[in-house]
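Reviewing the structure listed below.
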Amino acid sequence: MLEPDGTPALELRGLGKTYGRGSGAKRAVSDVSLSVRKGEVYGFLGPNGAGKSTTIRMALSLIRPSDGEVLLFGEPVSARALRRVGALVDGGTFYPFLSGRDNLRVLAKTQGSDGSRIEAVLERVDLARDAKRKVKGYSTGMKQRLGVAAALLDDPDLVILDEPANGLDAAGIQDMRTLLRGLAADGKAVFLSSHLLHEVEQICDRVAVVHKGRLLREATVREMLDQGEALRVEAEPLDKAAAALDGRWPFERAEGGLKVLAGRADTPAIVRQLVEAGADVFHVGPEEQSLEEIFLTMTRDSDA
Ligand SMILES: Nc1ncnc2c1ncn2[C@@H]1O[C@H](COP(=O)(O)OP(=O)(O)OP(=O)(O)O)[C@@H](O)[C@H]1O
Ligand SMILES: [Mg+2]
């Protein structure tokens, strides 16, 4: 490592992008700040059109930011710093008429390396068996894995992947998870985007939620899950219970009861309210929300 310990591998400061000019101008990203450390997998989450790819392209200097700056390993972007970055954008671009292995050979040449890592990276993404086949015969998932192999070819310290799970089946996603956790365990920084929350929930240490070009929240996966605290209430008659909670706690009907957006500390007050309203209480307990549900709530709230 060239930089002092603790220097983020990637830092985005107030990053913004407007495509086009004048009346046709389109604000795609506004004021995105975040940093990715060595040894962590950082997820950049958002629905379609949120600005994930735009941000990733700016982080890689593939497009120029309209505002803000990108630091790689604590310094402004330079050719030297970019050599320490491996990336997968748009699923990678490969020669369809060459085999997976030959594509990596071509890439190694352009990187000025001897290609000694080719077999190891093919093994790592589980493509060794299909490495002889032409890429035009590859499935989406295989191309995606070849893209990851290409990103890893020059042994980068920072790996940036735009939607690495695209086109992968459940087993492929599981393999990707193992692969990315392995990279983080080796001390690399991994920055990935996704619109599929249930995967990043298990891959990432930290996540940032982006919506309409803005960061809504940055937190550890645990913090995200905690903020979506909810209680499950089972009481009868349910209509009476619902009426008793109305206006005091947000809730929605869930199978066999109510899901109330409240924390454990609210339990006594909720029970009292229900009993006073004449409802019989059978159960009040924590209900864990998935990141998916929290994400939906967050993006819905920001639309309002
Ligand atoms: N080259 C471009 N010119 C004009 N507008 C663009 C361009 N690229 C992206 N946009 C717009 O910027 C916004 C953000 O797009 P971006 O591709 O960054 O989103 P994304 O989060 O990657 O979405 P997806 O999940 O669909 O990949 C969108 O409204 C998109 O239409
Ligand atoms: Mg995208």
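The values are calculated or read from the model by the stated rules, or taken from the named source; none is laboratory data. This structure is a prediction, so every number in the text was calculated from the model and none was measured. Cβ coordinates were reconstructed from backbone atoms using ideal geometry, including for glycine residues, and neighbour counts include every protein chain displayed.
Of all the numbered requirements in (1) out of contact with any Gly (no Cβ under 7 Å at 6 or more places or on another chain); (2) charged (D, E, K, R); (3) over 10 Å from GLU234 (Cα atoms), GLU293 misses one, and that requirement is (1).
Among the residues of segment 49-98, those identified as touching a residue at least 60 places away in the same chain (Cβ under 8 Å) and away from ligand 1 (no atom under 15 Å from the Cβ) are VAL70, LEU71, LEU72, PHE73, GLY74, GLU75, ARG83, ARG84, VAL85, GLY86. Please verify whether VAL32 is touching a Leu at 6+ places or on another chain (Cβ under 7 Å) and under 18 Å from PRO164 (Cβ atoms), treating the condition exactly as stated. So VAL32 does not fit the description; no. Just one of (1) touching a strand residue (DSSP E or B) at 6+ places or on another chain (Cβ under 6 Å); (2) assigned to a helix (DSSP H, G or I) fails for ARG300. It is (1). The residues of segment 238-269 that are free of Cβ contacts under 8 Å to residues at least 12 places away in the same chain and either on the phi > 0 side of the Ramachandran plot or touching a Ser or Thr at 6+ places or on another chain (Cβ under 8 Å) (or both) amount to a single one, GLY247. For segment 196-220, a residue qualifies if it is buried (at least 18 other Cβ atoms within 10 Å of the Cβ), touching a Leu at 6+ places or on another chain (Cβ under 8 Å) and not in a strand (DSSP E or B), and the qualifying residues are LEU197, VAL200, GLU201, ILE203, CYS204.
When segment 18-48 is filtered for residues that are free of Cβ contacts under 8 Å to residues at least 60 places away in the same chain and either in a helix (DSSP H, G or I) or among the basic types (Lys, Arg) (or both), the ones remaining, listed by number, are ARG21, GLY22, SER23, GLY24, LYS26. Is it the case, given these coordinates, that GLY14 is more than 9 Å from ligand 1 (Cβ to nearest atom) and at pLDDT 95 or above? Judged against the criteria, GLY14 is a match. Going residue by residue through segment 87-100, is there one that turns out to be modelled with pLDDT of 95 or more, closer than 24 Å to ASP186 by Cβ and more than 23 Å from the chain's Cα centre (by Cα)? For segment 87-100, residues modelled with pLDDT of 95 or more, closer than 24 Å to ASP186 by Cβ and more than 23 Å from the chain's Cα centre (by Cα): present. Taking (1) farther than 25 Å from THR178 by Cβ; (2) away from ligand 2 (no atom under 16 Å from the Cβ) in turn, VAL36 satisfies each apart from (1).
ALA254: farther than 30 Å from ALA189 by Cα, surrounded by 18 or more Cβ atoms within 10 Å (Cβ to Cβ) and outside the structural domain of ALA28 (by TED's automatic domain parsing), yes or no?
No.
Within segment 137-163, restricting attention to residues that are part of a strand (DSSP E or B) and either closer than 13 Å to MET176 by Cβ or without any contact (Cβ under 8 Å) to a residue 40 or more places away in the chain (or both), which residue is nearest to ligand 1 (Cβ to nearest atom)? That would be LEU161. Within segment 221-242, the set of residues being in contact with a Leu (Cβ under 6 Å, 6 or more places away or on another chain) and assigned to a strand (DSSP E or B) comprises ALA230, VAL233, ALA235.
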